[in-house]
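Report on the following structure.
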Amino acid sequence: MISTAYAADDGHGGAGGLPDPMHQFEIKRIFELELFGVDASFTNSALFMVIAACLITLFTVLAMRRGSLVPTRLQSVAELSYVFVANMVRDNVGTDGMKYFPFVFTLFMFVLVLNMLGMIPYTFTVTSHIIVTFALAAFIFLGVTLIGFWKHGVKFLKFFVPEGVPFVMLPLLVVIEVISYLTRPLSLSVRLFANMMAGHTMLKVFGSFVVALGFLGGWAALAFMVAFTGLEILVAFLQAYVFAILTCIYLNDALHMHH
Amino acid sequence: MAGAEKESGRTTGGRDTDDIRQRLDALEGKLDAARVRHAPPPEQPEGRGRAMGQALRLSTELVAGVVVGGFIGWVLDGAFGSKPFLMVAFLLLGAAAGILNVVRTAKRMQAEAPVPKDLKPVDGDDDD
């Protein structure tokens, strides 16, 4: 219902003639669906997640279809990304962490492709919604905590007890450690979300400056836009990388229990 | 005639393998150089983007600590009916946890940061 109401002022919902920079983040239902009383409509966000998943599958399958010893260009891109993530896992978690490589690789590729898809004009940036990044982060957090308890049993609780601390200070410090542990999903999700949303808002705002300043003044804004788009592509990659590497670091904490 | 052709083929073949090996070695060297150059591609995004990323990372750590601490206090307050007190206490604890996180993140950044170009302590003092 809301979607149709908003769809009326199609495209640029802002007042005063300038396009509304937040309009790009709006969720639109593509077809409505209600499952067990829950609104499970297929939205533009879901559409881009499906596109990303298809792109990654298509890319890896097509690239490795031949699996030749001397790789084609596409194949070497796939191998490069494999080696990149494999090294990341090996350096940060160790060889026994390679069990979790498929998960980290999937995560990295998914976030990376979602971020990069967002850089194409007229697309929707899924990772600019905190609920999406928070769902990813919460899943990682729960999984890592479960792995910790599964590997070490109750001893994993020692992770929250800092060493060499006077006994009187322990209650306070344990609480602080627990809170510090609980901030992980929040800081992990906020970082990705804030970077993507801030970047895309800036792009829209400066894009509207180009139009608003006209033929004479718009060039300066346009030059800035070009540089800023480059920076945004870098940020899109960097944030996917940071997301994956922090997952590795958390995994390492759970497996080897040291800060 | 056929034999001569075969022989010439073999010799060029031998030269080819040598050639290929040499080229492979050269390529390996080039690859190593390229690998060194590109070693941590995301780590070296020059200047402002990198610094901004780090600043954002540290500030989210700090804010997340306070937010999570406050939220826990708020929930506990609701559970025990001790309206503002637990929230105040946990806000402070959350701030402490945030600072702890910032210190840890900063330590990690320092450990993995490349030595700055204008600060090469290894060779002593060669200033350019």
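Assorted remarks:
Residues are listed down the side, and each one gets a yes or a no for (1) part of a loop (DSSP other than H, G, I, E, B); (2) within 21 Å of the chain's Cα centre (by Cα); (3) in contact (Cβ under 8 Å) with a residue 40 or more places away in the chain; (4) at positive phi:
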| position | (1), (2), (3), (4) |
| --- | --- |
| A:46 | no, yes, no, no |
| A:52 | no, yes, yes, no |
| A:70 | yes, no, no, no |
| A:75 | no, no, no, no |
| A:78 | no, yes, no, no |
| A:83 | no, yes, no, no |
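- Residues that are in a helix (DSSP H, G or I) and either among the small types (Gly, Ala, Ser) or buried (at least 18 other Cβ atoms within 10 Å of the Cβ) (or both) were ranked within segment B:39-55; the one that is modelled with the highest pLDDT is B:55.
- Condition check for residue A:255: crowded, with 16+ Cβ neighbours inside 10 Å and either within 26 Å of residue A:154 (Cα to Cα) or among the hydroxyl-bearing types (Ser, Thr, Tyr) (or both): yes
- Residue check, residue A:244 buried (at least 20 other Cβ atoms within 10 Å of the Cβ), away from chain B (no Cβ under 12 Å) and of a type outside the set (Ser, Thr, Tyr): no
- When residue A:255 is tested against (1) closer than 22 Å to residue A:121 by Cβ; (2) more than 9 Å from chain B (Cβ to nearest Cβ); (3) of a type in the set (A, V, I, L, M, F, W, C), only condition (1) is not met.
- Neighbours by Cβ (under 9 Å, 6+ apart or cross-chain): first from segment A:134-159, basic (Lys, Arg); second surrounded by 16 or more Cβ atoms within 10 Å (Cβ to Cβ) and in a helix (DSSP H, G or I): A:151/A:254; A:151/A:255; A:158/A:152
- Assessment of segment A:167-180 against the conditions (crowded, with 16+ Cβ neighbours inside 10 Å, free of Cβ contacts under 8 Å to residues at least 12 places away in the same chain, facing another protein chain (nearest Cβ under 10 Å) and closer than 29 Å to residue A:102 by Cα) yields at least one matching residue.
- Residue match in segment A:187-196 (condition: within 24 Å of residue A:82 (Cβ to Cβ) and either out of contact with any strand residue (DSSP E or B) (no Cβ under 8 Å at 6 or more places or on another chain) or not in a loop (DSSP other than H, G, I, E, B) (or both)): yes
- Hits in segment B:79-94 (condition: surrounded by 18 or more Cβ atoms within 10 Å (Cβ to Cβ) and either of a type in the set (A, V, I, L, M, F, W, C) or not in a helix (DSSP H, G or I) (or both)): B:86, B:87, B:90, B:91, B:93
The values are calculated or read from the model by the stated rules, or taken from the named source; none is laboratory data. Just so it is clear, the structure is predicted and the values come from calculations on it, not from any experiment. Because the Cβ atoms are built from the backbone with ideal geometry, glycine has one as well, and the counts that use them run over all protein chains shown.
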